[in-house]
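The values are calculated or read from the model by the stated rules, or taken from the named source; none is laboratory data. A quick note: this is a predicted structure, and the numbers were derived from the prediction, not measured. Please note: Cβ atoms are built from the backbone with ideal geometry, for glycine as well, and neighbour counts cover all protein chains shown.
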Protein chains: 2
Amino acid sequence: MPLVVVGSVALDTIETPLGKREEVLGGSAVYFAWAASYFTPVRLVGVVGEDWPEEYTKLLESRRIDLTGLTRMPGGKTFRWHGRYFDDMNRRETIDVQLNVMAEFDPVLPEACRRAPFVFLANGSTRMQLRVLDQCVGASLVVADTMDHWIRTERPQLEELLRRIGGLVLNESEAQLLTGETNLIRAGRRALQMGPQFVVIKKGEHGAMFFSRHETYVLPAYPTENVVDPTGAGDSFAGGMMGFLAEKNNFDPVTLKEAMAYGILVASFTVEDFSLDRLRKIERNDLERRMAEYRRMLSF
Amino acid sequence: MPLVVVGSVALDTIETPLGKREEVLGGSAVYFAWAASYFTPVRLVGVVGEDWPEEYTKLLESRRIDLTGLTRMPGGKTFRWHGRYFDDMNRRETIDVQLNVMAEFDPVLPEACRRAPFVFLANGSTRMQLRVLDQCVGASLVVADTMDHWIRTERPQLEELLRRIGGLVLNESEAQLLTGETNLIRAGRRALQMGPQFVVIKKGEHGAMFFSRHETYVLPAYPTENVVDPTGAGDSFAGGMMGFLAEKNNFDPVTLKEAMAYGILVASFTVEDFSLDRLRKIERNDLERRMAEYRRMLSF
C-alpha cells in the first residue's frame, strides 16, 4: 500500500571522528522514504530551494519514491543542517541550522497523498503536523515523530496530536521530557495514556522499545562495529518500520513487532556510512540476510 | 556441579531517589552466590569481621550457599560501601568505602573449592585473583570480573589473568578502558584477542553483549519499571549465568546463550528492591515464568 511521509529534505554537513561530508543528501523525509522504499511505494512531501541538486531528485526517483509532493520554491534555498558527533558517536552538537524554505513549510497534500492509507509525520512543528493530519482523509494509520523543541513550545498542540494519531515514535530524552518520567518503561506507558495506540521509544545503539495496551517489549539493535555516521538512523528506523506495515497493509501486534525488527535492521545499515551512501548499496535481500542473522541472535 | 565464587561480602549503605538503607547485606560474592543458588550449590569464599550479623550467615545458608570458605577475622570489621544513585538510576557516586578486613583479603581455598569445576572471580585485586586462580586446580571454567581501578593499576597482572581464564565479564566503561575502543563491538572483539574464550559486556538497563571467536550477539534487558536499587545487578547477572552453566555442567555456545538470558532475568529481579530483598521473595519458578515472557518478547 502507498505510504506518505511529510518532513524535511536537507543538505547536511556532517562531522564525525571518521571524517567530514559537506552538503550531502539528508533530512528526515529523505532517510525515511529511502528506508521505506525497500518495502513499498513512497510519496514524499517536502520543500526544497532552487539550489536543490537535480541529481538528488533523480536518485530518489530511482527508488520507488514519488516526488509529486516535493515543492521547489523559486528563489528559495534548501534547508541546511550542520552537526558534529563526539568520539563515542552517541552525542552530537548542532553547529548550524539554516531553515531557509523550511521556515514557511506548510504543505498542501496532492490528492494521491490525501488518500494514502499509511502516513508518517516526520520531524516538523506540531502545528504543521496537525494541518497535514487534517488533510489525511484516507489514512488508516498515522504515526508521528516529535522533538524536544516542539514538546517544550507546542505542548497543547502536541496533546491534541497525540489524541488523534495511531502511533508515536520518539527517542529516550524526548520520551522523558514529554512524560516527566526518567524510567523509560514508565515513560512509554505514560505516553500511551496520552492517546496513541502504540508508542515506540528509539534507544539508538541500544535498540527500541514498544508499548501498547497489551504489551511492552524491547528489541536490541543489530550489533554493527562500523558506525561511521549515525545521522538519519532514527528516521531510517521509522521508514523501515512503516514501510513494512504498508507492505503488509496491516498493523496488528505480530506485524508491528516484525516491522520494529525491520526498522532496526535498516537503521543498522544507515549508520555504516555517511548520508545514504550505505543504503545506496543495499537491496531487500541484504536486509533479509541480516534479518536471518538477527533472528538467530535472538533465539536460544 | 558445584560453583565457587571468590569476592567481597559487604555491609552496604545505599541511597536512591526512592529511599535509603543502612548497613544492609551486600557485596559482589553475596549477590553472585544468591543469584547462582537458584541453579546449583554455591561455595562462597570471602572474609567478614567480628561485627558480621549472624542472621546474614543463617540467611545465606538457608539457600544452597556453603560458607566454609567465609573467614571471620577476629577483631576485624566487615567491608563497608556507601553509594548514592542519581535520578536516572544509571549513574552513582561512591560516598564512602571502608575496606576493613578486605584490605588483607588473600584467600586460601578449602579443598572442596580447589576441586570445583566452575569458578567465578568477582570484584577484587587482580593479584589476588591470580593467587586464587593458582589454587583452582579442578576448574574447567574460570570466569573473572574486573574494575576500572585494576585495569589502571594492575595492567600486567590483568593481561596474565586474561590469558589464563575462560571468560571475562565487565561493564561498558571497563571494556572501553581495557581496550581503548569506544565502539562496544570493537571493544568486545579486542578483549577477546587478549585471551579468554568469551567476553561478556554488561550494559545495565540495555542488556548484555556476548563475544566469542564464533559469534557476537546482544540480548536486551528484561523491561522492568520497578527499578528501586541497581546495586548488585551486575553480580546477579554473573551469578545467574554461571549458576546455569554449572547446573548444566556445560559451556557450549547454546548453553552460554541461555545462561546469558538467565543472568539477565535474575538481575531484573535484583533491581526491584533494596539489597537482596526482592531475590529473597522469589524462587526458581518465578524465574521460569519471566523466562517464558522474555522468550515471547524476543520472538517474532
Q.
Going by what's in this entry, would B:Phe300 be described as aromatic (Phe, Trp, Tyr) and more than 9 Å from chain A (Cβ to nearest Cβ)?
A. no
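Criterion first (acidic (Asp, Glu), over 27 Å from B:Lys248 (Cα atoms) and outside any strand (DSSP E or B)) does B:Asp87 satisfy it?
yes
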Q. In the stretch A:130-151, is there at least one residue being within 14 Å of another protein chain (Cβ to nearest Cβ) and among the hydroxyl-bearing types (Ser, Thr, Tyr)?
A. no
Q | Test result for B:Ala175, in contact with a Ser or Thr (Cβ under 6 Å, 6 or more places away or on another chain), at negative phi and among the aliphatic types (A, V, I, L, M) | A | no
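Here's the yes/no breakdown for (1) under 17 Å from the mean Cα position of the chain (by Cα); (2) of a type in the set (Phe, Trp, Tyr):
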site	(1), (2)
B:Gly234	yes, no
B:Phe237	yes, yes
B:Gly240	yes, no
B:Leu256	yes, no
B:Tyr262	yes, yes
B:Leu279	yes, no
B:Glu283	no, no
B:Glu288	no, no
B:Ser299	no, no
Q: Looking only at the stretch A:269-289, count how many residues are within 14 Å of chain B (Cβ to nearest Cβ) and surrounded by fewer than 21 Cβ atoms within 10 Å (Cβ to Cβ).
A: 1
Q: Please enumerate the residues belonging to the stretch A:87-96 that are out of contact with any Asp or Glu (no Cβ under 7 Å at 6 or more places or on another chain) and in contact (Cβ under 8 Å) with a residue 12 or more places away in the chain.
A: A:Asp87, A:Met89, A:Arg92, A:Thr94, A:Ile95, A:Asp96
Q.
Residues that are of a type in the set (A, V, I, L, M, F, W, C), in a loop (DSSP other than H, G, I, E, B) and touching a residue at least 40 places away in the same chain (Cβ under 8 Å): does the stretch B:56-77 have at least one?
A. no
Q) What number of residues within the stretch A:249-268 are more than 13 Å from chain B (Cβ to nearest Cβ), surrounded by fewer than 24 Cβ atoms within 10 Å (Cβ to Cβ) and on the phi < 0 side of the Ramachandran plot? A) 2
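Residue by residue, here is whether (1) acidic (Asp, Glu); (2) touching a residue at least 12 places away in the same chain (Cβ under 8 Å); (3) surrounded by fewer than 19 Cβ atoms within 10 Å (Cβ to Cβ); (4) closer than 13 Å to B:Ala191 by Cα holds:
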{"position": "B:Thr126", "(1), (2), (3), (4)": "no, yes, no, no"}
{"position": "B:Asp134", "(1), (2), (3), (4)": "yes, no, yes, no"}
{"position": "B:Val137", "(1), (2), (3), (4)": "no, yes, yes, no"}
{"position": "B:Val142", "(1), (2), (3), (4)": "no, yes, no, no"}
{"position": "B:Thr146", "(1), (2), (3), (4)": "no, yes, no, yes"}
{"position": "B:Glu159", "(1), (2), (3), (4)": "yes, yes, yes, yes"}
{"position": "B:Gly166", "(1), (2), (3), (4)": "no, yes, yes, yes"}
{"position": "B:Leu170", "(1), (2), (3), (4)": "no, yes, no, yes"}
{"position": "B:Thr179", "(1), (2), (3), (4)": "no, yes, no, yes"}
Q) Would it be correct to say that B:Gly207 is among the small types (Gly, Ala, Ser) and either more than 23 Å from B:Tyr85 (Cα to Cα) or at the interface with another protein chain (Cβ under 8 Å from one of its Cβ atoms) (or both)? A) yes
Q: Report the residue count in the stretch A:1-50 for those that are part of a loop (DSSP other than H, G, I, E, B) and in contact (Cβ under 8 Å) with a residue 40 or more places away in the chain.
A: 13
**Q.** Conditions (1) of a type outside the set (A, V, I, L, M); (2) surrounded by 13 or more Cβ atoms within 10 Å (Cβ to Cβ); (3) on the phi < 0 side of the Ramachandran plot; number of the one not met by B:Arg91
**A.** (2)
Q.
On the basis of being modelled with pLDDT under 95, of a type in the set (A, V, I, L, M) and surrounded by fewer than 20 Cβ atoms within 10 Å (Cβ to Cβ), does A:Leu59 make the cut?
A. no
Q: Could you list, in sequence order, all residues of the stretch A:210-243 that are among the hydrophobic types (A, V, I, L, M, F, W, C), more than 9 Å from chain B (Cβ to nearest Cβ) and farther than 24 Å from A:Phe118 by Cβ?
A: A:Val228
